[in-house]
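The values are calculated or read from the model by the stated rules, or taken from the named source; none is laboratory data. Note that the structure is predicted; figures quoted are calculated from it, not measured. Here the Cβ positions follow ideal geometry from the backbone for every residue, glycine too, while neighbour counts run over all protein chains shown. What goes into the accessible areas is simple: the full protein's heavy atoms, side chains included, and nothing from ligands, DNA or RNA. Shrake-Rupley method; radii C 1.70, N 1.55, O 1.52, S 1.80 Å.
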Amino acid sequence: MKKFLNYVMLSASFTLAASASANDLNDLLNQVKADRISVAKLDKKREAEFIAARADKQALLNKAKKELADQNARNKRLTQEYAANEITLAQKEVELDNAKGTLGEMFGVSRSAAADAFGAISSSIVSAEYPGRGEALSRIANSKEIPALEDLEELWFALQTEMTQSGEVSQFNVEVTSLDGSKSTQSVTRIGTFNLVSADGYLTYNDEVSQVQPLAKQPAGYISGTASSFFNTSSGYAPVYVDPSRGGILALETRKRTLMEFYHQGAEVGYAITALLFLGILIALERFIVLGAMSAKIRAQEKNLDQPNSNNPLGRLLQIYHDNKSVDAETLELKLDEGILRETPKVDRGINLIKMFAAIAPLMGLLGTVIGMIMTFQTITLFGTGDPKIMAGNISLALVTTALGLICALPLILIHSIIAGRAKSVLQKLDEQSAGLIAAIAEKESK
């Protein structure tokens, strides 16, 4: 029906065109006949193309059906082969288990032993002297086959080497990587499986990168000093600190703070307390020297009382006596007391200042404690109490300043007592000589 409508519309269009151009009905009729012949030819051509295309599609369909049949046959064949192979594989596994016998147990034991040995040997400091021992152990531990005789010998040699070297002290040359990344070849002494020491102190073995490195910070001087002396010892015996935990205790020692680090935690308050201590010690040294020289001059003056010397208090006191021999005892006593009063400030100068420093130092330490606690509570307010390390610095300030205040006060109190005793002995000597001079005058007057 659709073709018929198209034909009618096409005929109408041709008719209209023909009516416009043809002069009469005969021309129009001829035009319609010609158009009908051309449309029929066009339809036959399309029909032939459709029949040819249908034949090609049928050939492709037949080919696809054939391929599907071939694949189904191949799938069936492979399924049968897979089932047969599974049965064969199960039989072979049974035969393998029967053939291995007790060797299967050795497989598991050797892998377990190699894994345990790899963990201990790879991190051992013996590997710094004998590198590459962990490769064979790693291969045995990760193997999925029964180890060969050579692999078992490698495991044996590695264990035997570790056991033998654990009881020996060996010195060898190795490349040491410093903290700044530079490398240098140094002579290193290995103490069993415990420590590595050099001329500069203790070293550590980093098994992750297989490098010998110095510690981030050497332990206390009395510990690192023995390591250096032990390294330089060529014969005989030398004491040295050994870490039985293979680096654990040494790592804890390196994390300990030194006295200087503790001191600097006192911050400004600690520095002020230290300034008081040094100032008090300087005053005490000056007083100790002056009073010592003064006492020596007084002792020399006591041997020659008839010739007073003005370079010492006793000489100046004797000069007053010689200048006032003619006066009565009461007047002489007053003049001598006046002379002693003039000498007293020179003798006692700075002694009370030392006593004041000794009293101020603990108070400054208490001030540092209060400041540290205030800062601690401020830190708790801002960050909470989840991480104690955040509060550690402020607590250290509180405790260190208290300790510094006491450390400053104790020697200053002792120094003050010593200096005050020396000053008192000088003044007592002057009082003694003054009383003797007055007694001499009083004796003369009584006669």
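Residue under question is residue 420, and the condition is that it be modelled with pLDDT of 75 or more, farther than 14 Å from residue 360 by Cα and of a type in the set (A, V, I, L, M, F, W, C); does it hold?
Yes; evaluated as a whole, the condition is true for this residue.
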Checked pairs for the range 180-201, first in contact (Cβ under 8 Å) with a residue 12 or more places away in the chain, second of a type in the set (Lys, Arg), C-beta under 8 Å and 6 or more apart or across chains, list as 193/246; 194/246; 196/190
Picked from the range 336-349 (must be open to solvent by 20 Å² or more (accessible area, probe 1.4 Å) and closer than 14 Å to residue 421 by Cα), the residue modelled with the highest pLDDT is 349
Can you find even one residue in the range 232-245 that is loosely packed, with under 12 Cβ neighbours inside 10 Å, among the polar types (S, T, N, Q) and at pLDDT 75 or above? yes
Restrict the check to the range 379-402 and report whether at least one residue is aromatic (Phe, Trp, Tyr) and at pLDDT below 85. yes
Is one or more of the residues making up the range 294-304 outside any helix (DSSP H, G or I), surrounded by fewer than 12 Cβ atoms within 10 Å (Cβ to Cβ) and over 52 Å from the mean Cα position of the chain (by Cα)? yes
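Please go through the range 177-194 and pick out each residue that is β-branched (Val, Ile, Thr) and surrounded by 12 or more Cβ atoms within 10 Å (Cβ to Cβ). Walk me through how you get there before you give the answer.
Within the range 177-194, the subset β-branched (Val, Ile, Thr) is 177, 185, 188-189, 191, 193.
Correct list: 177, 188, 189, 191, 193.
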**Asked** Do we find that residue 168 is open to solvent by 30 Å² or more (accessible area, probe 1.4 Å), among the acidic types (Asp, Glu) and within 26 Å of residue 395 (Cα to Cα) in this structure?
**Response** no
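Filter the range 343-352 for residues that are in contact with a helix residue (DSSP H, G or I) (Cβ under 6 Å, 6 or more places away or on another chain) and assigned to a helix (DSSP H, G or I); which is nearest to residue 413 (Cα to Cα)?
351
Quick grid of which residues meet (1) among the polar types (S, T, N, Q); (2) within 21 Å of residue 130 (Cα to Cα):
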{"residue": "183", "(1), (2)": "no, yes"}
{"residue": "186", "(1), (2)": "yes, yes"}
{"residue": "196", "(1), (2)": "no, yes"}
{"residue": "222", "(1), (2)": "no, no"}
{"residue": "231", "(1), (2)": "no, yes"}
Of those in the range 251-286 that are open to solvent by 60 Å² or more (accessible area, probe 1.4 Å) and in contact (Cβ under 8 Å) with a residue 60 or more places away in the chain, the residue nearest to residue 216 (Cα to Cα) is 262
